[in-house]
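The values are calculated or read from the model by the stated rules, or taken from the named source; none is laboratory data. As the structure is a prediction and not an experimental result, all values here were calculated from the model. Note: ideal-geometry Cβ built from the backbone for every residue, glycine included; neighbour counts use all protein chains shown.
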Amino acid sequence: MRDGDALENNPFVSRSALEAIHGQVFGWALSRCDFNHAAAEDLMQQAYVELLSGNARFDNKSSLKTFVFSVVQNLARSRVRRLATRLRLVRQYLPAAEAVTDGEPVADAGVWRAVRALPARQRDIIELVFCRELTIEQASKVMGVSTGTGRVHYDRAKKALRARLLDRSGDEE
């Protein structure tokens with residue numbers, strides 16, 4: 001760590017290390033916000049505020065990348081809970097109100113559709129391992145599950161993807 005590179009309220013975190021992983025963390029934030037860039041930017045800003053203020057304190061028990069991914073994951077979950085509460089209140093007091101949802105992200109069509117069709121934890125572990133280049137152990141920590149549980153979700157996700165993609169390729173012939 002260079003002199004003066006450490007964050008004041010988080011001495012084990014350096015600005016240069018955060019800059020190095022920013023792109024990957026932003027990709028994770030995008031996926032947590034259904035690929036809504038504005039929401040992902042807000043989520044990233046909130047994560048950086050937590051890190052800079054010391055509210056999210058890194059203690060070197062995992063890699064910095066795993067820690068920051070976990071901060072983003074937890075903030076995204078809080079955001080979803082707040083939105084769900086608001087939606088429940090709107091439905092309760094304005095029964096005629098319709099829920100507005102964002103569209104599906106535009107991505108590599110068949111493969112991404114197959115990934116998005118997986119259950120949430122399987123989808124998360126596949127994205128963290130393949131797209132965000134975390135190990136299964138690191139991804140499990142981000143998701144808040146044991147390594148064994150992470151391995152089970154990873155194995156099931158690979159099998160489900162293989163089956164979906166084989167079915168799809170059989171339909172195209």
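Given the residues T66, T85, which is the only one that is polar (S, T, N, Q), outside the structural domain of A120 (by TED's automatic domain parsing) and over 22 Å from I136 (Cβ atoms)? Outline the logic, then answer.
Working: T66 fails: over 22 Å from I136 (Cβ atoms).
T85 is the lone residue from the list that is polar (S, T, N, Q), outside the structural domain of A120 (by TED's automatic domain parsing) and over 22 Å from I136 (Cβ atoms).
Among the residues examined, V90 does not qualify as at pLDDT 90 or above and farther than 22 Å from R116 by Cα.
Out of curiosity, is Q46 touching a residue at least 60 places away in the same chain (Cβ under 8 Å) and buried (at least 16 other Cβ atoms within 10 Å of the Cβ)? So Q46 fails the test.
Name the residue, out of N10, N60, N36, N55, that is free of Cβ contacts under 8 Å to residues at least 60 places away in the same chain, surrounded by 15 or more Cβ atoms within 10 Å (Cβ to Cβ) and among the polar types (S, T, N, Q). Can you show your working first?
Details: N60 fails: surrounded by 15 or more Cβ atoms within 10 Å (Cβ to Cβ); N36 fails: free of Cβ contacts under 8 Å to residues at least 60 places away in the same chain; N55 fails: surrounded by 15 or more Cβ atoms within 10 Å (Cβ to Cβ).
Only one candidate qualifies: N10.
Looking at (1) in contact with a Phe, Trp or Tyr (Cβ under 7 Å, 6 or more places away or on another chain); (2) at pLDDT 90 or above, which is the only condition H153 fails? So the condition that H153 fails would be (1).
For A99, indicate whether it is in a loop (DSSP other than H, G, I, E, B), within 25 Å of Q24 (Cβ to Cβ) and either modelled with pLDDT under 85 or of a type in the set (D, E) (or both). Let's see the steps before the verdict.
Numbers: in a loop (DSSP other than H, G, I, E, B): yes; within 25 Å of Q24 (Cβ to Cβ): no; either modelled with pLDDT under 85 or of a type in the set (D, E) (or both): yes.
No.
The one condition from (1) crowded, with 18+ Cβ neighbours inside 10 Å; (2) assigned to a helix (DSSP H, G or I) that H22 does not meet is (1).
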